[in-house]
Each structure stands twice: as C-alpha cells, then as structure tokens.
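Each remark here refers to the structure printed beneath this line.
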Amino acid sequence: MIHQDYLASLLRPLGVYDLREGTVNRGELEAYGVRLDHMAGELEDTAREMNLTTAEGGALTWRAIPGVDDGDIYRELMLLSLHGQSKDAFHKSRAGAWEYDVLSPAYKCNMTDIAAAMGLAQLGRYPGMLARRREVIARYDGAFAPYGLDVLPHFSGGSRSSGHLYMVRVPGCGEEGRNGMIRALAEAGIAANVHYKPLPMMTAYRNLGFRIGDYPNAYRQYENEVTLPLNTRLDDDDVEYVIDEMRKTLSSL
C-alpha cells in the first residue's frame, strides 16, 4: 500500500479528508512530506492513538479488517460523533443538499477543522515521535532493572507499544509510600502520575454504593503504581535527571 492510500485510511476516521471525494489530491499529500508506508506495524487493530495529538485527546485508527468495509466503520464513527446526523456540515452545505436525518441519539464529539489540521501535521512527525519514545523507554528500562520494579513491557516478542505511558509498580510499597514517592519527585520538579485510580474510590461511584474493598485486585494494581514522564520534549539530560531522582526515592523506601 502506498503511503497516500494509508494516510487516507487514517484520515477518514479522523473526519479530516476523504480522498475518494477528491478533496485533497496526491500531490498535496506529497507536499506534506508524509512517509507512512511502514506505519501500519505501529498501530493496533483498533487503537486510540494518544501520542498523535489533535490538541484535545488523540486519534482513532484501525487496520483493515477482512470482510468489513472501512467505509462502514467510518460512517458509524461519524454518526456517533455528530448527534447521529446522516450528514456533516460540509456535506449539508453543498447546493441543494441541506436535508439530513438523525439516525440515533448519539454524541457531540466531532473534531474541529483546526484540531484536524494539527493532527495532519502530527502524522508527519509520528515515526520520529515513536522512535524517541522508544529511546526513552529503553533508558528507563536499563536504569531501573536492578531495582526489581514491575514495569509494563512495551516491546516483547512480536509486539510493539506506542510508548504512551511509562508505568511501574514498586513491590512492597503501599499507597502511602507511593504517594510519598510522588511528592518527593514533585519537590524535585518532576510530575509523576498514577494510572489509574479505581472508579470505586471516586466520589460519584462511592455515592452509587461501590466500595474498593470489593475490588481487591484493582486496588493492588493501583496502590504502588507510579507513571514517570514520557514525551518527546524530554532531552537526554531530562531523562537522566528523572532517572537520578527516581533512584533517590527508591533508595529511601
């Protein structure tokens, strides 16, 4: 598959362009310098690509599914994202094409043109972004291997991750100790996170009668988890600083 065709398959679910209707020609795509011939191996069968930013949230992508028309998937996503309307604003604005239907009481979560333009620019950077994330992950993995942390594997066997989050669990550490680690990192200017706090611990769900005691495995996964910074704006010195400060917090446990 040549890269323009693959780009078309990515952009259709984003609601940016439909090349079959000729809204963007191949020459214009060449001008963007996008080279996506080998990107298919970087994507899950269906994935929300959080690393490919569109200013708010990520992008939904999928591989071709035998026996399933890509156009059918695209149309269903468009219905879900725009109140269930059978036509978007672009198609309704065509001469004589004002009328549309609402096929289901769906959502309002369609992408703006400005956000779509950001996503298109991100597509050109995406292979380099994945490569940099992989470099940072490799440095983290090597640095923390002696500490016996449970690290979510990103690359094993024939599988590859998009490297969205670097999540570790610290054996023998409870929630209080984990929170102390995050505070210590924060004092060093490092914003660590937790992915994720279980829903039964949230007020709205407690009010519905959920109790975290009924979900012991969810709590075990949460109580000692720390997510370290992982993004392409981190330079080598930043990565080394995070490693050094994380080592200090681990040594103080």
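Overview of values
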read-out	value
Failed criterion for Leu82 (all others in (1) open to solvent by 50 Å² or more (accessible area, probe 1.4 Å); (2) touching an Asp or Glu at 6+ places or on another chain (Cβ under 8 Å) hold)	(1)
Output for segment 191-211, where each listed residue is assigned to a helix (DSSP H, G or I) and not small (Gly, Ala, Ser)	Leu199, Pro200, Met201, Thr203, Tyr205, Arg206
Residue list for segment 204-227, restricted to those being over 23 Å from Gly148 (Cβ atoms) and of a type in the set (Phe, Trp, Tyr)	Tyr205, Phe210, Tyr215
Scan of segment 95-120 for residues that are part of a helix (DSSP H, G or I) and either surrounded by 13 or more Cβ atoms within 10 Å (Cβ to Cβ) or in contact with an Asp or Glu (Cβ under 9 Å, 6 or more places away or on another chain) (or both), ordered by number	Ala115, Ala116, Ala117, Met118, Gly119, Leu120
Cβ-Cβ under 6 Å pairs, at least 6 apart or on other chains, segment 218-234 side charged (D, E, K, R), far side surrounded by 16 or more Cβ atoms within 10 Å (Cβ to Cβ)	Glu225/Arg169; Glu225/Val194
Per-region count, segment 173-211, residues over 25 Å from the mean Cα position of the chain (by Cα), farther than 21 Å from Leu253 by Cβ and either touching a residue at least 12 places away in the same chain (Cβ under 8 Å) or open to solvent by less than 70 Å² (accessible area, probe 1.4 Å) (or both)	2
Yes/no for Glu44 being at pLDDT below 75 and either assigned to a strand (DSSP E or B) or open to solvent by 60 Å² or more (accessible area, probe 1.4 Å) (or both)	yes
Failed condition for Gly67, given (1) out of contact with any helix residue (DSSP H, G or I) (no Cβ under 9 Å at 6 or more places or on another chain); (2) farther than 30 Å from Met246 by Cα; (3) open to solvent by less than 60 Å² (accessible area, probe 1.4 Å)	(3)
Sole residue being surrounded by 15 or more Cβ atoms within 10 Å (Cβ to Cβ) and at pLDDT below 95, chosen from Arg169, Arg160	Arg160
Members of segment 145-157 that are modelled with pLDDT of 90 or more, small (Gly, Ala, Ser) and open to solvent by 70 Å² or more (accessible area, probe 1.4 Å)	Ala145
Residue check for Tyr166: under 14 Å from Val136 (Cβ atoms), aromatic (Phe, Trp, Tyr) and touching a Phe, Trp or Tyr at 6+ places or on another chain (Cβ under 6 Å)	yes
Within segment 212-253, considering residues that are acidic (Asp, Glu) and not in a helix (DSSP H, G or I), the one surrounded by the most Cβ atoms within 10 Å (Cβ to Cβ)	Glu225
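The values are calculated or read from the model by the stated rules, or taken from the named source; none is laboratory data. Only a predicted model underlies this, so the values are computations on that prediction, with no experimental measurement involved. Don't worry about glycine lacking a Cβ; one is built from the backbone with ideal geometry, like all the others, and counts go over all protein chains shown. These area figures cover heavy atoms from the full protein model, side chains too; ligands, DNA and RNA do not enter into them. Shrake-Rupley method; radii C 1.70, N 1.55, O 1.52, S 1.80 Å.
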